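The values are calculated or read from the model by the stated rules, or taken from the named source; none is laboratory data. Everything numeric in this text was worked out from a predicted model, so none of it was measured. FYI the Cβ positions are ideal-geometry reconstructions off the backbone, even for glycines, and counts take in every protein chain you see.
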Amino acid sequence: MRGRMRVPGLSLRGTRIRTALVGAAVTVATLLTAAGAPAAAPAATPAAAGSVTSVQTATASSIIASITASNAGVLSPGQDLVVSVTVSNPTEKAYASGSVTLWYDTDPRSSRNELSSWLTSTAADTDRVDYGHAVVPTLEPGSSVVVPVTVPAAVVPFGSRPTPAVFGIGATVAVSDHTAEARGSVAWYPGGATTRSDIGVVMPIVSPSTAAGLISAQDLATYTGPTGVLTRDLDGLQNHSTVTVGIDPMIIASIRALGNAAPASATAWLDRLSALPNDTFSLGYGDADVTGQIQAGLPAPLQPTALGYALDPKNFTPTPTAIGEPQTPTSTPAATPSPSPTPGSGPTLPSLDRLLAWDYNLAGIAWPGDGTTRAADLPPLAAAGLGTVIVSGSNTNAAKLDSTPNAPTRSGSSTLVVADQRLSDALRQAVSAPSDLAWNTAMSKLNAQLQLISAESSTPLHLLIALDRSWPSSGTQLQRTLDSLFSNPWSTPATFSAVVASKQSAEVALTDSPESQARIDAIHTLLQDEKSLDEFATILADPTTLTGSTRAQLLTLLAVSWQNPRSDWTAAVAQSRNTTVKTLHAVHILPTENVNLVSAQGSIPFTVSNELPNEAVTVVLSASPSNSRLEIDQPTTKTIPQDSRATMLVPVKAKVGNGQVVLSLQLYSPTGVPIGDPSSVTVEVHADWEGIGALIFGILVVLLFGFGIVRNILRRRSHRRKGEDDDETDDESTDGHAPREAGGREPGEAADEPHSPSGPGGAHG
């Protein structure tokens with residue numbers, strides 16, 4: 001047990017007397033305040049809003065209590081100590097009225113680690129001193145009540161302490177037979193000089209989580225409206241020019257991509273952002289998770305490739321006035337140029353560089369999510385030009401050190417800027433606080449820690465506080481929180497550059513904290529899907545219309561705001577995968593019944609469907625037979641309009657033999673990338689080459705013999721005609737025209753004597 005600390009001018013006996021006086025004063029003040037307080041607050045007032053952990057001493061979850069000091073947890077001489085005790089009834093039965101006993105620990109906390117341990121301890125506090133009581137009204141089922149208690153400044157137990165200190169305060173609640181204990185803290189500041197830490201704040205300007213690749217006009221109008229999240233971001237930065245801002249370039253590109261159709265509030269917001277005096281740097285497009293990409297196997301974080309798919313020429317006629325653009329456009333780091341002029345006489349559409357251009361005055365900064373970085377991630381980031389890495393304190397050994405270290409440190413060739421985790425958590429809670437009570441709770445945590453850091457050393461520290469990137473990116477309390485942070489006696493505003501340039505901490509080391517294997521597996525799957533879609537896009541006249549949107553959607557799906565275990569991210573990944581599968585199968589061969597081929601050659605028709613709603617495709621249909629009965633001519637190429645079907649003919653030739661042939665079909669892009677799943681069809685070949693050959697041979701034989709017969713007939717006829725011609729000549733040379741006997745003999749000529757012409761004598765022997 002620690003010894004009691006003697007406070008100058010305050011003896012133990014005096015403390016007891018003062019405690020009695022405090023009890024009387026508090027009782028009166030409580031009765032007055034509680035009398036006018038509502039009997040019950042809405043159940044939405046959670047005990048978690050308190051800066052403490054409730055300790056249950058009766059039935060588990062019977063009642064829950066928390067205690068919070070007002071004025072951001074800072075108390076100075078002459079100020080009343082005002083605390084709020086929240087008592088919640090999570091059960092389904094009502095509790096009669098009870099009591100609250102207020103107490104404090106007489107020994108101040110000496111370090112942040114000690115304060116944290118004390119706040120979460122369930123052990124009995126042996127150094128506690130009661131200083132008042134209050135009444136708890138009836139607790140209805142599922143309700144909460146807030147009991148405000150005021151301790152007059154004159155009777156504050158530690159009100160005469162001359163030096164700053166952090167005191168633990170508590171409340172013990174008794175309702176029926178149930179009790180609960182709550183613990184909190186108060187930072188006592190009697191005035192005078194203190195050691196002020198130089199505090200740099202880095203803040204993201206991002207949009208709510210999306211997987212769309214670009215922010216729609218409707219959402220932009222909402223986000224940049226009078227109460228929109230992006231408007232609150234800029235409103236909160238008023239009078240705080242030292243806050244460094246990381247900007248998601250997707251917001252800028254989304255506004256510019258709309259051209260003349262951009263909401264007026266969005267263009268006005270972009271002009272406000274352009275006029276911001278704060279230091280700025282570029283986050284990844286869509287605030288994509290840089291370390292998750294490296295851990296999934298990429299050599300460097302991805303960049304957008306094209307946004308022309310989102311540009312509507314009619315929104316750029318006439319050419320719109322430049323929106324929030326620097327006079328000399330500068331491309332984002334590692335951005336791939338993608339000019340996209342409209343062909344013909346239409347307007348010239350802005351290029352990718354033009355859409356993303358911004359005058360960032362800080363470069364080379366990577367900002368991973370909390371607790372997601374490994375030492376192995378740093379070299380690839382440095383090689384990609386990101387040599388300065390903002391890491392959370394939970395990603396280092398900082399919490400285990402005896403004292404608070406400076407923010408910057410070195411790891412290999414990279415500069416690490418460590419955001420103090422406990423300060424960051426408290427500031428984030430304050431920024432997003434839904435009520436004054438919750439805001440005071442968060443600021444009490446913050447100020448108590450800053451006071452303890454101030455007491456550690458007479459040398460000012462250079463610290464970094466990082467705001468959150470999850471939804472909401474900032475709450476309604478940003479300006480109020482920053483005002484309070486930089487008006488307390490223990491901090492001074494500093495720029496990010498000043499923090500980075502301060503003395504590096506040799507004792508701080510990065511502790512490997514990789515992302516979950518489930519998330520890395522999901523990222524790897526998404527990267528494989530993108531590769532498949534990139535290959536599929538080769539069937540399009542302009543592949544960037546698909547590859548550009550795929551990359552933009554992938555980057556937004558990898559946003560840091562999706563990192564926390566969220567079921568909606570799992571659903572978004574599943575939806576992305578379903579869309580990928582649908583796209584990859586949007587172009588396919590429709591099923592075909594078996595085909596009968598009865599001729600030696602012909603063309604087999606196949607129907608190819610293009611279900612893409614906005615893109616014509618050019619595909620090559622290739623077919624290969626299972627055997628030699630068929631011969632396939634060259635593959636068929638055809639362009640199919642959007643959301644339509646077309647018939648593609650496969651020329652075939654039958655070879656020798658009948659039977660079945662399985663024809664394997666596959667679509668390809670003009671570059672040879674397989675498209676869709678292969679299919680097949682059975683072809684029945686009935687082209688009988690043996691019968692045809694026999695028929696031809698028979699015909700040839702018939703023709704041959706027929707030709708001989710005809711030739712003989714013609715020859716005999718020719719000879720007959722020649723003989724008749726000779727007889728006619730003999731008849732014409734005889735004077736008496738005497739008739740010849742049968743056989744062609746002359747009258748009186750012997751039948752068996754050969755006929756011979758008369759010799760020169762003309763006589764016969």
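Okay, residues lined up against (1) over 21 Å from the mean Cα position of the chain (by Cα); (2) crowded, with 23+ Cβ neighbours inside 10 Å; (3) of a type in the set (A, V, I, L, M, F, W, C); (4) at pLDDT 95 or above:
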{"site": "LEU355", "(1), (2), (3), (4)": "no, yes, yes, yes"}
{"site": "LEU362", "(1), (2), (3), (4)": "yes, no, yes, yes"}
{"site": "ALA366", "(1), (2), (3), (4)": "no, yes, yes, yes"}
{"site": "THR372", "(1), (2), (3), (4)": "no, yes, no, yes"}
{"site": "ALA382", "(1), (2), (3), (4)": "yes, no, yes, yes"}
{"site": "GLY385", "(1), (2), (3), (4)": "yes, no, no, yes"}
{"site": "ASP402", "(1), (2), (3), (4)": "yes, no, no, no"}
{"site": "SER414", "(1), (2), (3), (4)": "yes, no, no, yes"}
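Selection of first residues in region 640-669 that are under 11 Å from ALA623 (Cβ atoms) and of second residues that are basic (Lys, Arg) and at pLDDT below 95, restricted to Cβ pairs under 7 Å at least 6 apart or on distinct chains, gives the following pairs, ordered by first then second residue: VAL661/ARG629. In region 356-373, what count of residues is obtained for those that are outside any loop (DSSP other than H, G, I, E, B) and either out of contact with any Gly (no Cβ under 9 Å at 6 or more places or on another chain) or outside the structural domain of VAL418 (by TED's automatic domain parsing) (or both)? Total satisfying the criteria: 1.
Can you name the residue in region 344-353 that is part of a loop (DSSP other than H, G, I, E, B) and crowded, with 16+ Cβ neighbours inside 10 Å and is also modelled with the lowest pLDDT among such residues? Talk me through it step by step, then tell me what you get.
First, pick out the residues of region 344-353 that are part of a loop (DSSP other than H, G, I, E, B): 344-347, 350-351.
If we keep only those that are crowded, with 16+ Cβ neighbours inside 10 Å too, we end up with 347, 350-351.
On the way: PRO347: 85, PRO350: 95, SER351: 96.
Filtering first and then ranking leaves PRO347.
Determine if region 174-190 includes at least one residue that is in contact (Cβ under 8 Å) with a residue 12 or more places away in the chain, over 49 Å from the mean Cα position of the chain (by Cα) and closer than 23 Å to SER484 by Cα. Within region 174-190 (the criterion being in contact (Cβ under 8 Å) with a residue 12 or more places away in the chain, over 49 Å from the mean Cα position of the chain (by Cα) and closer than 23 Å to SER484 by Cα), the answer is yes, since at least one residue qualifies.
Selection of region 168-216 for residues being closer than 25 Å to TYR285 by Cβ and touching a Lys or Arg at 6+ places or on another chain (Cβ under 6 Å) yields PRO204, VAL206. Of everything listed in (1) over 13 Å from ILE675 (Cβ atoms); (2) surrounded by 16 or more Cβ atoms within 10 Å (Cβ to Cβ), the single unmet condition for PRO651 is (2).
Within region 161-176, the set of residues being among the polar types (S, T, N, Q) and farther than 25 Å from VAL87 by Cβ comprises just one member, THR163. For region 228-247, indicate whether the set of residues that are more than 28 Å from VAL499 (Cβ to Cβ) and modelled with pLDDT of 95 or more is non-empty. No: zero hits. Hey, does region 332-343 have a residue that's polar (S, T, N, Q), buried (at least 16 other Cβ atoms within 10 Å of the Cβ) and at pLDDT 95 or above? No, region 332-343 has no match at all. I'd like the full set of residues that are buried (at least 24 other Cβ atoms within 10 Å of the Cβ) and in contact with a strand residue (DSSP E or B) (Cβ under 8 Å, 6 or more places away or on another chain), limited to region 418-442. VAL418, ALA419, ASP420, LEU423, LEU427, ASN440, THR441, listed by residue number.
The residues listed here are LEU464, LEU450; of these, the one that is out of contact with any His (no Cβ under 8 Å at 6 or more places or on another chain) and under 22 Å from SER76 (Cα atoms) is LEU450. Scanning region 507-544 for residues that are buried (at least 18 other Cβ atoms within 10 Å of the Cβ) and without any contact (Cβ under 8 Å) to a residue 24 or more places away in the chain yields ALA537, PRO543. Looking across region 654-672 at every residue that is in a loop (DSSP other than H, G, I, E, B) and in contact with a strand residue (DSSP E or B) (Cβ under 9 Å, 6 or more places away or on another chain), the one that is farthest from THR607 (Cα to Cα) is identified as GLY657.
Where strands (runs of 3 or more DSSP E) fall entirely within region 125-178, those with at least 1 residues that are among the polar types (S, T, N, Q), assigned by TED's automatic domain parsing to the domain that holds VAL83 and touching a Ser or Thr at 6+ places or on another chain (Cβ under 9 Å) are at 144-151, 165-175.
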